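This report concerns only the one structure given below.
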Amino acid sequence: MTLLILAAALWIFIHIGISGTRLRDAVVARLGEGRFMLVFSVASFVSIFLLVIAWQNAGTTFLWAAPGWLRWILAFLMLPAFVLFMASHKRNPTAVGNKGLGEEPRGVQRVTRHPMLWSFAIWGFVHVLGNGDTASLVFFGAFLVTALAGMPSIDAKLARRSPEAWRGFAQRTSVVPFGAILSGRNRLVLSEIGWMPPVVGLVLWAALLHFHRGIFGVPALILGG
């Protein structure tokens, strides 16, 4: 567990302590954006590799057992996570590259400006609650914390980098899904999202639900529970 906790702390530090902070700005000023992204990518790969290895070899203690009915709810919560993940790849200003920050928010950006991070947050939450053991709490909790803390971190980074473009984008979008739409600052346009993200997301969700035991060794659902 000690190695797992250290690996989780390293992952969180790289993505929250560096990525969206003024420390990143200082490092970029010294190395340049290209070199920083190279170093950041290598560090991210090393940290997630250590995290996975540590999780696989960590001793664990079960804190709770998710009943069958809860596992069904958690399984269905993963469906919007897959859809958000697929939709996040279409001109996402809050992703790497920040393309389209000065443009009118479109597609899933009208729903939330952090669709990819919300997909990881849901994934982490589902697996923390569904597994109920200390190793999973640390492993999946690291991704949950990174995703939730990453949203304001990215917002702050974009506000420093492009203050005028960011102000307009932030006024028309929200962190909380459907927040801007419910407040009247935006509207839902399903045609901009298209058919591919929900269809591909549904197919991937169903496939992983079916093959979960074969891939990870544990079933996603307990039939009859």
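The values are calculated or read from the model by the stated rules, or taken from the named source; none is laboratory data. Quick caveat, the model's predicted, so the values are computed rather than measured. Quick reminder, even Gly has a Cβ in these numbers, built from the backbone with ideal geometry, and neighbours come from all protein chains shown. Please note that ligands, DNA and RNA were not included when accessible areas were found on the heavy atoms of the full protein model with its side chains. Shrake-Rupley method; radii C 1.70, N 1.55, O 1.52, S 1.80 Å.
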Looking only at the range 167-200, count how many residues are under 20 Å from M151 (Cα atoms), open to solvent by less than 90 Å² (accessible area, probe 1.4 Å) and either of a type in the set (D, E, K, R) or more than 21 Å from the chain's Cα centre (by Cα) (or both).
-> 5
May I ask you to verify whether F36 is at pLDDT below 95 and open to solvent by less than 60 Å² (accessible area, probe 1.4 Å)?
-> yes
For the range 49-72, which residues satisfy the criterion of being part of a helix (DSSP H, G or I) and of a type in the set (V, I, T)?
-> V52, I53
Some residue of the range 119-139 being of a type in the set (S, T, Y) and over 24 Å from L209 (Cβ atoms) | yes
If you take the residues of the range 73-92 that are open to solvent by 30 Å² or more (accessible area, probe 1.4 Å) and not in a helix (DSSP H, G or I), which of them is farthest from F169 (Cα to Cα)?
-> H89
Here the residues within the range 201-218 that are loosely packed, with under 15 Cβ neighbours inside 10 Å and farther than 20 Å from T112 by Cβ are V203, A206, A207, H210, F211, R213, G214, I215, F216, G217, V218
Among the residues of the range 153-163, which ones are at pLDDT 90 or above and of a type in the set (D, E, K, R)?
-> D155
Within the range 98-125, which residues are over 13 Å from the mean Cα position of the chain (by Cα) and either buried (at least 22 other Cβ atoms within 10 Å of the Cβ) or hydroxyl-bearing (S, T, Y) (or both)?
-> P105, V108, Q109, R110, V111
Could you tell me whether the range 66-80 includes any residue that is closer than 19 Å to N186 by Cβ and under 19 Å from the mean Cα position of the chain (by Cα)?
-> yes
From L148, L129, L209, L188, residue being within 25 Å of R22 (Cα to Cα), aliphatic (A, V, I, L, M) and either touching a helix residue (DSSP H, G or I) at 6+ places or on another chain (Cβ under 9 Å) or in contact (Cβ under 8 Å) with a residue 12 or more places away in the chain (or both) = L148
